[in-house]
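To start, the structure itself, in structure tokens.
The values are calculated or read from the model by the stated rules, or taken from the named source; none is laboratory data. If you're wondering where the values come from, they're calculated on a predicted model, not measured in any experiment. Every residue, glycine as well, gets a Cβ built from its backbone with ideal geometry; the counts of neighbours run over all protein chains shown. Accessible surface areas use protein heavy atoms only, side chains included; no ligands, DNA or RNA. Shrake-Rupley method; radii C 1.70, N 1.55, O 1.52, S 1.80 Å.
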Amino acid sequence: MKASSYPLFTQKNDPSDAEIISHKLMLKAGLIRQQSTGQYSFLPIGYRVLKKIENIIRDEMDSIGSAEILMPSVQPSELWQESGRWGTYGLELLRLNDRHDRKYCLGPTFEEVITDLVRKDLNSYKQLPLNMYQISTKFRDEIRPRFGIMRAREFIMKDAYSFHINEKCLDNWYQNYKDAYNNIFKRLQLDYTMVDADSGNIGGSKSNEFHVLAEAGEDDLLIDEKGIGTNFEIAKAKYGSNDIEKIVNENNLIHKKGIEVGHIFKLGDKYSKSMGLSIADADLNVNHLQMGCYGIGVSRIVAAAIEQNYDEKGIIWPKSISPFQFALIEIDGHKNESVRSFSNEIYQTMKRNSVEIILDDRNAKLGNKLHDWELMGVPNIAIIGKKEAQNNIVTFKKRSGSEKESLSADQLISKLDTD
RNA sequence: CGGGGUGUAGCGCAGCUUGGUAGCGCGGCUGGUUUGGGACCAGUAGGUCGUAGGUUCGAAUCCUAUCACCCCGACCA
């Protein structure tokens, strides 16, 4: 990519409508723009980050054998009537009518749709277990959306669903997803923790949440000396108190704030029973299928990652999800042919070596360019001016540090690889 | 839904108390001078002051209604 022809929307002024750091930086660095309350467009830089996260998730889902699908976001009310949630889900479910006055909702979650899908196509227990996921837009009509994409009405979520002949198989797969989630959050290079949680509106017997630890988090987590955590929501019942300070002191717990970025559920037969999804097993016993569902707030992770990785200059992306790995800044390339050609040479070399590079060939001053890339959080930055072009070197600096060093093209490549 | 706040140029804001027909910084564009961490000078474009109604000779300013957005709470996950 070359910055001169790539849409960048950084702003110099702090946005006025943002409170928490991730929201401010996402607006300022030009990752998102608000469309209306709780609804945002992703601009090119923001969307690149989002896709990085999606692809890590895809990779880990694929590796445990969960297959990607895509379901319609407008869902017929009949399915929700069957599951019983048309009446119980509440105002968070955005309902709408089509031209024939048939009732629909915008999907906040997809248990009904996928259960319907599977019951129509499942013929034999031998096809089980089934594991499928999608990455798609979800809509929840939150009473009060806030903090940018952290609590949006419209957001990107990965939701996986599993179907099993018995509980033992569900247990095994629940563990598979748990392992995959740990891999995902490790690869995202985020400081996170898993806790026991309340399964709420989704239902089921057992659920665990994955939280990115950050002060801006809306959840209170209680963690014991063994590192086992509980969401305060269910800790209230467990310890018989609403006083979080008291619970923490009496039970020797640590209190941390978390951003819920993942939630996995053992649903059991809640949906298979209400929606009639059953099959005969090898002994000809007909059972309702055991189900699990496994969500990750993909767009929320973008914000959560920023809450954990920033400084006074802007975002500092973990390498795994940075929009670019490397920003190469040329100084006055439009006026200096040797600078331009050397920059292009380095740019092509990097591309040949599969480095995700953006060449900043804009007609702007060095300071402006540096401020932009530091704001956007790209981990590696290098500069090429007259001096560098003459000596076949680049001046390299990491986003996270302040020292600069002179490197040859070869040295630069190994520097980036070992970052 | 209750409480608080904000809507004025692309972004950030002043002006409103005390009505007289809109301004500042940043950004944009043009020209020139600059050029290694957000340059300088000159010029220039850009706003039915959220919307509707009312009061008035006259409304960004006063009154009423309404809409949007932000924050706290309730709620939800």
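Restricting attention to region A:87-135, the residues that are in contact with a strand residue (DSSP E or B) (Cβ under 7 Å, 6 or more places away or on another chain) and surrounded by 14 or more Cβ atoms within 10 Å (Cβ to Cβ) add up to 26.
Each residue in region A:333-360 was checked for being more than 15 Å from RNA strand B (Cβ to nearest atom), in a loop (DSSP other than H, G, I, E, B) and exposed (fewer than 13 other Cβ atoms within 10 Å of the Cβ), and 1 pass. Find the residue count for region A:212-222, including only residues that are farther than 12 Å from A:V261 by Cβ and open to solvent by less than 20 Å² (accessible area, probe 1.4 Å). Looking only at that region, the number is 2. Does A:S402 satisfy being within 11 Å of RNA strand B (Cβ to nearest atom), under 30 Å from A:L27 (Cα atoms), open to solvent by 10 Å² or more (accessible area, probe 1.4 Å) and assigned to a loop (DSSP other than H, G, I, E, B)? Considered against the rule, which asks whether it is within 11 Å of RNA strand B (Cβ to nearest atom), under 30 Å from A:L27 (Cα atoms), open to solvent by 10 Å² or more (accessible area, probe 1.4 Å) and assigned to a loop (DSSP other than H, G, I, E, B), A:S402 comes out as yes. Residue check, A:V113 against (1) assigned to a helix (DSSP H, G or I); (2) in contact with an Asp or Glu (Cβ under 9 Å, 6 or more places away or on another chain), all met but one. Which one? The single condition A:V113 does not satisfy is (2). Within region A:14-60, the set of residues being under 21 Å from A:F139 (Cα atoms), open to solvent by 40 Å² or more (accessible area, probe 1.4 Å) and away from RNA strand B (no atom under 12 Å from the Cβ) comprises A:S41, A:F42, A:Y47, A:K51. Just to be sure, is A:E82 in contact (Cβ under 8 Å) with a residue 60 or more places away in the chain and within 16 Å of RNA strand B (Cβ to nearest atom)? Against the criterion (in contact (Cβ under 8 Å) with a residue 60 or more places away in the chain and within 16 Å of RNA strand B (Cβ to nearest atom)), A:E82 does not qualify.
Residues in region A:365-396 that are surrounded by fewer than 17 Cβ atoms within 10 Å (Cβ to Cβ) and more than 6 Å from RNA strand B (Cβ to nearest atom): A:Q390, A:N391, A:N392.
A single entry from A:S124, A:S162, A:S136 fulfils the requirement of being away from RNA strand B (no atom under 15 Å from the Cβ), under 30 Å from A:L25 (Cα atoms) and not aromatic (F, W, Y): A:S136. Scanning region A:179-208 for residues that are over 17 Å from A:A305 (Cβ atoms) and under 15 Å from the mean Cα position of the chain (by Cα) yields one hit, A:A180.
Within the option set A:G258, A:G229, being out of contact with any Pro (no Cβ under 7 Å at 6 or more places or on another chain), touching a residue at least 24 places away in the same chain (Cβ under 8 Å) and more than 11 Å from RNA strand B (Cβ to nearest atom) holds for one residue only, A:G229.
Among the residues making up region A:272-313, a single one is touching a Gly at 6+ places or on another chain (Cβ under 8 Å) and in a loop (DSSP other than H, G, I, E, B): A:N309. Inclusion of A:K103 among residues that are of a type in the set (K, R), within 24 Å of A:K270 (Cβ to Cβ) and touching a Ser or Thr at 6+ places or on another chain (Cβ under 8 Å) is warranted. Filtered by the rule that a residue be on the phi < 0 side of the Ramachandran plot and either outside the structural domain of A:Y40 (by TED's automatic domain parsing) or surrounded by 24 or more Cβ atoms within 10 Å (Cβ to Cβ) (or both), region A:142-154 gives A:I149, A:M150, A:A152. Here is the figure for region A:26-77: residues that are under 30 Å from A:L370 (Cβ atoms) and either among the small types (G, A, S) or outside the structural domain of A:Q189 (by TED's automatic domain parsing) (or both) total 4.
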